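First up is the structure itself, then whatever we jot down about it.
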Amino acid sequence: MMSGRTVLWFSPPVPVKTKRVGMTREVSSVEAAAEELLTWEKQGAAWRKAIQACIDAGEGRKSAEAARKAFLAAAKACGMLRENP
């Protein structure tokens, strides 16, 4: 249920690993990226930048694309990016 806020979509989605072996989550919005980041055990500088980028995008200070790039970098740094087979 949305509270009158616009969903900030990613294009293309970022495929990340999940806790279920072999399962991939296609993260396609700033909101989904923020939710996903909060589930990761490994956190570091790239993770913190991605969290901040999602906050900034949600508050209109950064674009959804900037948040996507930060999320993609964090996924790589944290070993969560699902590479294409």
Answer in debye to the nearest 20: the dipole magnitude of the chain about its Cα centre, from +1 Lys/Arg and -1 Asp/Glu charges placed on Cβ, is 220
With every protein chain kept in place and a 1.4 Å probe, the residues 40, 9 fall, from largest accessible area down, as 9, 40
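Restricting to Cα pairs below 8 Å that are 6+ residues apart, what does the relative contact order work out to for the chain? Please round to a whole percent.
Working: 109 pairs, mean separation 27.7, N = 85.
Reported as a whole number, the value is 33 percent.
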Probe 1.4 Å, heavy atoms of protein chains only: per residue, the accessible area of the chain in Å² is 65
In the chain the accessible area split gives carbon plus sulfur, as whole percent at 1.4 Å, a share of 56
Under 5 Å from the placed amide H of residue 18, counting only residues 5+ away or on other chains, we find 23, 25
Projected onto their principal axes, the Cα atoms of the chain stretch, largest extent first, over whole-Å spans of 36, 27, 20
Given Cβ charges of +1 for Lys and Arg and -1 for Asp and Glu, the option among 58, 39, 80 whose Cα lies farthest towards the positive end of the dipole of the chain is 80
Cα-Cα longer than 21 Å, checked against 42/62; 19/42; 17/69, kept in input order, equals 42/62
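The values are calculated or read from the model by the stated rules, or taken from the named source; none is laboratory data. Note that the structure is a prediction, hence the values are computed from the model and not measured. Note: ideal-geometry Cβ built from the backbone for every residue, glycine included; neighbour counts use all protein chains shown. The accessibility values were calculated without ligands, DNA or RNA, using every heavy atom of the protein model including side chains. Shrake-Rupley method; radii C 1.70, N 1.55, O 1.52, S 1.80 Å.
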